[in-house]
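These notes are about the structure you will find just below.
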Amino acid sequence: MRRAARAGGLPPAWGLALAWALILARAQALENGLARTPPMGWLAWERFRCNIDCEADPQNCISEKLFFDMADRLAEDGWRELGYKYVNIDDCWSAKQRDGAGQLVPDPKRFPRGIKALADYVHSRGLKLGIYGDLGTLTCGGYPGTTVDCVEQDAQTFAQWGVDMLKLDGCYSSEEEQAEGYPKMAKALNATGRPIVYSCSWPAYQGGLPPKVNYTLLAEICNLWRNYGDIEDSWDSVLSIVDWFSAHQDVLQPAAGPGHWNDPDMLIIGNFGLSYEQSRSQMALWTVMAAPLLMSTDLRTISPSAKEILQNRLMIQINQDPLGIQGRRIVKEKFHVEVFLRPLSQAASALIFFSRRTDMPFRYTTSLAKLNFPDNTVYEVQDVYSGKIISGLKTGDNFTVVINPSGVVMWYLYPMVQPWCLVRQQGPGGGVHPLIL
Ligand code: GLA
């Protein structure tokens with residue numbers, strides 16, 4: 001009743017504008033059925049940048065060899081089976097000029113076999129290929145961009161090559177060009193008939209927040225989007241991203257869901273800037289943020305400990321939870337301990353106890369009741385990193401976790417069902433989820 005009264009109260013012009021906006025949003029919708037869980041794979045940029053000096057550095061320069069090598073590692077070292085399927089090219093792959101037909105072409109020296117051959121190889125290994133473009137006159141690295149008039153042609157080119165994901169950056173374009181070009185690319189990708197996951201950097205160029213960013217529209221046209229600045233190989237950089245995402249979680253958290261994800265940028269685990277504890281923290285925090293897991297590290301030389309973090313099965317299961325609800329920071333203690341919670345399917349949840357302290361392992365005492373879990377429930381808890389199980393934890397029980405400096409303790413918990421009395425369980429945060437017995 002109240003709703004009808006309100007709608008009736010809208011001036012007719014507004015009602016019409018609203019209807020048109022909805023129709024337009026629908027018409028522009030990507031509707032590609034892709035990325036129902038956050039995409040997982042490998043992306044060149046953070047670790048390999050725009051190193052094009054293949055004479056001096058043939059192992060690490062942006063060339064087809066790097067991508068063939070990474071495809072081999074993903075296929076042979078257990079990554080693919082865990083879900084790490086995308087091998088993604090970033091900037092600096094193309095020649096400095098389009099060809100005579102105005103088509104983007106790869107640098108002939110560094111990609112002598114061309115992108116199609118690389119895609120064929122990647123597919124033969126059971127993987128998928130991602131590529132990078134930029135809506136503008138130039139890419140951020142100074143290579144040919146995709147101006148608005150080239151959007152359709154470039155979408156066709158990528159589809160013909162067999163590309164499975166496109167990251168569309170936004171250097172060297174105006175706000176107006178971006179507002180036209182990003183939805184246009186969504187339509188153009190759809191029109192190719194090839195399923196291509198669409199990663200938009202648009203919101204990062206609009207400051208990441210409403211009113212400039214329209215997250216409803218974005219979720220209609222993009223499968224994932226960069227909201228914020230580039231990750232660098234340092235703990236400070238990870239913290240600045242976590243801080244920004246947490247500070248704006250009321251806006252960002254509802255925007256994410258199956259088919260449309262916030263992207264806090266690549267995982268830098270395995271590189272030079274993070275300690276062991278910090279690496280475990282990045283993995284846990286990205287998992288609870290329902291972030292795409294795009295590793296940017298050298299999989300040919302990665303250490304066993306970094307690999308173990310990235311290949312943690314329970315962690316990946318949590319990241320890939322089918323409900324696709326992004327987690328939130330729920331506690332920020334004065335003494336630099338924070339708690340994050342992500343609701344999962346089957347009334348399960350993931351909790352992170354995160355210490356930003358720099359002194360010594362910290363004993364943090366709390367209870368599930370203090371974290372707003374439902375009353376009178378008994379939980380089974382699995383520590384995601386150690387695998388240890390705590391059975392029979394009641395909502396009201398106090399417990400203590402020992403968190404290392406800049407480290408995490410991460411829990412996966414689910415209610416222990418008493419078959420004679422429970423058919424439905426209430427998860428934290430008020431949602432009632434059906435429980436399969
Ligand atoms: C921008 C993007 C990065 C990377 C570089 C490439 O800075 O945000 O992720 O793609 O461009 O030049």
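Reported count of residues in the stretch 226-245, each being among the polar types (S, T, N, Q), over 14 Å from the mean Cα position of the chain (by Cα) and within 14 Å of the ligand (Cβ to nearest atom), is 1. Only one entry of LEU267, LEU218 meets the criterion of being in contact with a Phe, Trp or Tyr (Cβ under 7 Å, 6 or more places away or on another chain), open to solvent by less than 30 Å² (accessible area, probe 1.4 Å) and within 27 Å of THR301 (Cβ to Cβ), and that entry is LEU267.
Beta carbons closer than 9 Å, at least 6 apart along the sequence or on distinct chains, pair a first residue in the stretch 76-95 that is in contact (Cβ under 8 Å) with a residue 60 or more places away in the chain and under 18 Å from ALA35 (Cβ atoms) with a second that is of a type in the set (D, E, K, R) and within 16 Å of the ligand (Cβ to nearest atom) for ASN88/LYS167.
Take ARG342 and decide whether it is in contact with a Ser or Thr (Cβ under 8 Å, 6 or more places away or on another chain), buried (at least 22 other Cβ atoms within 10 Å of the Cβ), assigned to a strand (DSSP E or B) and among the basic types (Lys, Arg). Criteria met by ARG342.
Among the residues of the stretch 297-315, those identified as open to solvent by 10 Å² or more (accessible area, probe 1.4 Å) and touching a residue at least 40 places away in the same chain (Cβ under 8 Å) are ASP298, ARG300, LYS307, GLN311, ASN312, ARG313, LEU314.
On the basis of being within 25 Å of TRP161 (Cα to Cα), surrounded by 20 or more Cβ atoms within 10 Å (Cβ to Cβ) and charged (D, E, K, R), does ARG194 make the cut? The answer is no for ARG194. Residues of the stretch 105-155 that are among the small types (Gly, Ala, Ser), away from the ligand (no atom under 16 Å from the Cβ) and at negative phi: ALA117, ALA119, SER124, ALA155.
Against the list (1) over 28 Å from GLN346 (Cα atoms); (2) open to solvent by less than 10 Å² (accessible area, probe 1.4 Å); (3) not polar (S, T, N, Q), the condition PHE272 fails is (2). Checking the stated criteria, LEU209 turns out to be more than 26 Å from ASN312 (Cβ to Cβ) and open to solvent by 10 Å² or more (accessible area, probe 1.4 Å). Could you list all residues from the stretch 134-189 that are farther than 22 Å from ALA101 by Cα, out of contact with any Gly (no Cβ under 8 Å at 6 or more places or on another chain) and open to solvent by 20 Å² or more (accessible area, probe 1.4 Å)? Hits for the stretch 134-189 are CYS140, GLY141, SER174, GLU175, GLU176, ALA179, GLU180, LYS187.
Out of ARG313, ARG342, ARG300, one residue alone is among the charged types (D, E, K, R), touching a helix residue (DSSP H, G or I) at 6+ places or on another chain (Cβ under 9 Å) and farther than 23 Å from THR37 by Cα. It is ARG300.
Looking at the stretch 51-73, can you tell me whether even one residue there is closer than 24 Å to THR297 by Cα, within 21 Å of the chain's Cα centre (by Cα) and within 16 Å of the ligand (Cβ to nearest atom)? Yes, the stretch 51-73 has at least one match.
For ARG47, the conditions (1) open to solvent by 40 Å² or more (accessible area, probe 1.4 Å); (2) more than 16 Å from the ligand (Cβ to nearest atom); (3) not aliphatic (A, V, I, L, M) all hold with the exception of (2). The single residue among SER303, SER279, SER296, SER391 that is farther than 30 Å from LYS65 by Cβ and among the small types (Gly, Ala, Ser) turns out to be SER391.
Flag: SER281 matches the condition of being of a type outside the set (Asp, Glu), in contact (Cβ under 8 Å) with a residue 60 or more places away in the chain and not in a loop (DSSP other than H, G, I, E, B). Within the stretch 280-291, does at least one residue satisfy the condition of being within 22 Å of ASP243 (Cα to Cα) and within 16 Å of the ligand (Cβ to nearest atom)? Among the residues of the stretch 280-291, at least one is within 22 Å of ASP243 (Cα to Cα) and within 16 Å of the ligand (Cβ to nearest atom), which makes the answer yes.
The values are calculated or read from the model by the stated rules, or taken from the named source; none is laboratory data. In this text the structure is predicted, and so the values were computed from the model without any measurement. FYI the Cβ positions are ideal-geometry reconstructions off the backbone, even for glycines, and counts take in every protein chain you see. SASA here: full protein model, heavy atoms, side chains in, ligands and nucleic acids out. Shrake-Rupley method; radii C 1.70, N 1.55, O 1.52, S 1.80 Å.
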